[in-house]
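For reference, the structure discussed in these notes is given below.
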Amino acid sequence: MNDIKTIIADAIKDLFNEQVSVELTRPDPQFGDFSCNVALQLAKKMANPPAGGPREIAQSLAAKIVEDDKVASAEAAGPGFINITLRDQALWRLANEKPNKYLDGQTIVAEYSDPNPFKVLHAGHLYTSVVGDAIANLLENAGAKVHRVNFGGDVGLHAAKSMWAIIKELGEESPEKLEAVDESQRPDWLASRYIEGNEAYENDDTAKSEIILLNKKIYSLHAENDHDADFAKIYWTTRQWSYDYFDGFYASIGSHFDKYYPESETAQIGLDEVKSHIPDVFQESDGAVIFDGEKFGLHTRVFINSEGLPTYETKDVGLSILKKQDYDFDRSIIMTGNEQDQYMEVVLKAIEQFAPDLSRATTHISHGIVKLQGGVKMSSRKGNFLKAVDVLSSAKDANQQQNGSSDQQISLGAVKYAFLKHRIGGDIIYDPENSVSIHGNSGPYLQYAHARARSILEKSANEPSNPDSEEFDELERTLVQKLSEFSEVIERSSLDLAPHYICTYLYELSQTFNRFYEGSKVIGDDREKLRLGLVSRYGDVLQSGLKLLGIQAPNKV
RNA sequence: GCACCGGUAGCUCAGUGGAUUAGAGCACUUGUCUUCGGAACAAGGGGUCGUAGGUUCGAAUCCUACCCGGUGUACCA
């Protein structure tokens, strides 16, 4: 693709001695392989454009471009577009192009999922785990060294609520009693404690003040690095249960993290940093330390509360510094729910005041809420929300019911694809039945399409050939043309941090293949070897595309 | 109030300032096909791209105002 751009850029230089950034688009296939609007740009730019305007510029460029031996035809069209058709061999080479490693040598930290210890993973955590992982894959594929990290609150009111209920449940501060909780029950047991603690906090004033005290106790436990007191033992043990539960969950969806950053580890660093920038960046106000975002058209937010405790803002400052220390990244990507959009703007603006490079290297992306199709009522009662495992099991059930399949790769692929196929940002309406459907734009459909392609290759007695010197017929060429888009799609997808481009592309590709397959006999045809070559490349593209999305593509379904 | 995000077919959603006719899937109508895995292919109906202006050779896309929905707006995360 860059070859083609160079051909056009050279032609522009030769004919008009101008420099224009050449952008290629993929037009409707009937118009050619590529389309280019440089003539329209040039006409604007030139001091003395030709009398025929952009149309004439396009014509003379087309005549020049077509001289290149990669190009079969180039024609001026419409108000001044140039439609370019490649020679078949050049198109086939493009269809086999390796991904552009434009991020070679770069280090990127991707932070997502971010669940809190002591609490339950909900549907939103599942969503960001899936989408964050796909983005990390894309960046890795472009050559970057990517570190996946996870930030969560192991201190704070929710932890105190849990600890309060844990101790109540145990009857006393005796850590050995925790052994009675079976390993498999630990996540649910902790979830129940959080619900109890939360309820007590809201409805029982005595409990509430006890919990507030526990909150401070947890902070000081960290400050003193206490691992010996009974209270500390209970805290550290149950906290570890949470991390074990997270690890198990991520493994079950085929994902992993390099590192967990607990808030307890970022709080002090953030606190020191914030304090060192009073009053130049942060100011004291009503006993708290704030950042006056209004100077920048943003909100003012509290970084250290009037009790001297760091807020989430300060912990995020600490996290940024820590991530930079740990990985010396070129770029940092943070994915959260979109309710944090304006919050994050303030934090990044504050960081910009004392560490502009750090702020500039950070990209925040955010997503909406995951809802179930049909709008299952979310009760306001605590603990009754859409859990990550609920989403997975609804897919499993739907797969069983609709397809009679208990294949986890299928139901997991269905969920991932259903999340990934939408542009990041809006709410996701998840429909289990739709997601596992073998008709239409779904994960299982593509997994099946891949298996079917592999099956053709296996069934044939011949080896695929590399059709480098032959001409394609119409259906073959349409397929190769679509295959040739793959490397562009994944590059654009990683540039825009938009995995959904890949979903759209893979589905379109499979439709193109089905049309080819409907009209072209493969096994037993004179052109069998050549066509096997196309089927083989198609299978590879489907598999590597799905792999980038974090979806398995087995050879047999 | 102010700010941010969204509003595209009955539903769920794509859509890079470009090209006749704004696209998919699901759902609906009809056809092909005794199937190299038909989990297919072909054709059709269905649209004031929230509304009104503006910029542009060209706007779903950019700008302005407004309407609707969601979220955020000082010591939660």
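Give a residue-ordered list of calculated ³J(HN,Hα) values for region A:83-97 (Karplus: 6.51 cos²θ - 1.76 cosθ + 1.60, θ = phi - 60°; whole Hz; x for Gly, Pro).
3J(HN,Hα) across region A:83-97, in whole Hz: 9, 10, 10, 7, 5, 4, 5, 5, 5, 5, 4, 5, 5, 10, 5.
If I compute solvent accessible area with a 1.4 Å probe over the protein chains, what percent of it on region A:281-424 is carbon and sulfur?
45 percent
Using alpha-carbon pairs under 8 Å, 6+ residues apart, how would you state the relative contact order of region A:135-199 in percent?
Relative contact order comes out at 38 percent.
What is the distance in Å between the Cα centres of region A:394-468 and region A:36-73?
Value for the Cα centre distance between the two parts: 44 Å.
Binning at 20 Å from 0, report for chain A what percent of all alpha-carbon pair distances ends up in each bin.
Cα pair-distance distribution for chain A, in percent: 18, 42, 29, 10, 0.
Just grab the label-to-label distance for residue A:431 and residue A:228, each label 7 Å out from Cα along the Cβ direction, in nm (one decimal).
6.2 nm
Please report the accessible area of residue A:168 (heavy atoms, 1.4 Å probe, ligands and nucleic acids excluded) in Å², nearest 10.
Counting only protein heavy atoms, residue A:168 exposes about 140 Å² to solvent.
On a 26 Å Cα-Cα criterion, which of the cross-link pairs A:98/A:547; A:216/A:349; A:101/A:315; A:119/A:416; A:323/A:387 come out too long?
A:216/A:349; A:101/A:315; A:323/A:387
Tilt of helix A:443-459 relative to the longest C-alpha principal axis of chain A, in degrees (0 to 90, nearest 10)?
50 degrees
Convert 37 °C to kelvin, take the viscosity as 0.692 mPa s, use the Kirkwood radius over C-alpha pairs of region A:308-447 as Rh, and evaluate the Stokes-Einstein diffusion coefficient in µm²/s, rounded to a whole number.
Details: Rh = 17.7 Å.
Diffusion coefficient, whole number: 185 µm²/s.
Just grab the label-to-label distance for residue A:366 and residue A:17, each label 7 Å out from Cα along the Cβ direction, in nm (one decimal).
5.2 nm
Can you tell me the Rg and Dmax of region A:184-228, counting just the alpha carbons, in angstroms?
12.9, 34
Given R₀ = 45 Å, what would the calculated FRET efficiency be for residue A:203 paired with residue A:492, taking r from the Cβ atoms and rounding to 0.05?
0.30
Of the beta bridges DSSP finds with both residues in chain A, what % are antiparallel, to the nearest 5? Show your work: numbers first, answer last.
On the way: 20 of 43 bridges.
Here the antiparallel bridges make up roughly 45 percent for chain A.
Please give the solvent-accessible surface of residue A:14 in Å², to the nearest 10, using a probe radius of 1.4 Å with every protein chain present.
Residue A:14 has an accessible surface of roughly 100 Å² with all protein chains in place.
So how do A:29-41, A:464-476 stack up, highest first, on mean other-Cβ count within 10 Å?
Details: A:29-41: 20.2, A:464-476: 15.5.
Most protected by this proxy first, the peptides run A:29-41, A:464-476.
Treating only the Cα positions of region A:1-41 as identical point scatterers, give the base-10 log of I(q)/I(0) from the Debye formula at each q in 0.29 Å⁻¹.
So the normalised log intensities work out to -1.04.
Could you rank A:102, A:261 by how accessible they are, 1.4 Å probe, largest area first?
Ranked from most to least accessible, the order is A:102, A:261.
At 1.4 Å probe size, with no ligands or nucleic acids counted, give the accessible surface of residue A:387 in Å², nearest ten.
Number for this one is 60 Å².
Can you tell me the orientation of helix A:500-519 relative to chain A, as the angle in degrees between its alpha-carbon axis and the longest Cα principal axis, to the nearest 10?
That helix lies at roughly 40 degrees to the long axis.
If you average 1/r across every pair of different Cα atoms in region A:446-557 and take the reciprocal, what Kirkwood value do you get, in Å? Provide the component values of the computation, followed by the final result.
Values: mean 1/r = 0.0699 Å⁻¹.
About 14.3 Å for region A:446-557.
Using Cα pairs closer than 8 Å and at least 6 residues apart in sequence, work out the relative contact order for region A:51-155, in percent.
Reported as a whole number, the value is 24 percent.
Rounded to the nearest 0.05, what FRET efficiency do residue A:25 and residue A:104 have when you use their Cβ-Cβ distance and R0 = 30 Å?
Values: r = 26 Å, r/R0 = 0.88.
For residue A:25 and residue A:104, the calculated efficiency is 0.70.
Over chain A, what is the mean sequence separation of C-alpha contacts under 8 Å (at least six apart), divided by residue count, expressed as relative contact order in percent?
Numbers: 908 pairs, mean separation 82.3, N = 557.
Averaging sequence separation for qualifying contacts and normalising by length gives 15 percent for chain A.
Could you give the angle, 0 to 90 degrees to the nearest 10, between helix A:205-223's Cα long axis and the longest principal axis of the Cα atoms of chain A?
Rounded to the nearest ten degrees, it is 70.
The values are calculated or read from the model by the stated rules, or taken from the named source; none is laboratory data. Here the structure is a predicted model, which is why all the values come from computation and not from measurement. All Cβ positions, glycine included, derive from the backbone under ideal geometry; neighbour counts span all protein chains shown. Note: accessible area is taken over every heavy atom of the protein model, side chains too, but ligands, DNA and RNA are not part of it. Shrake-Rupley method; radii C 1.70, N 1.55, O 1.52, S 1.80 Å.
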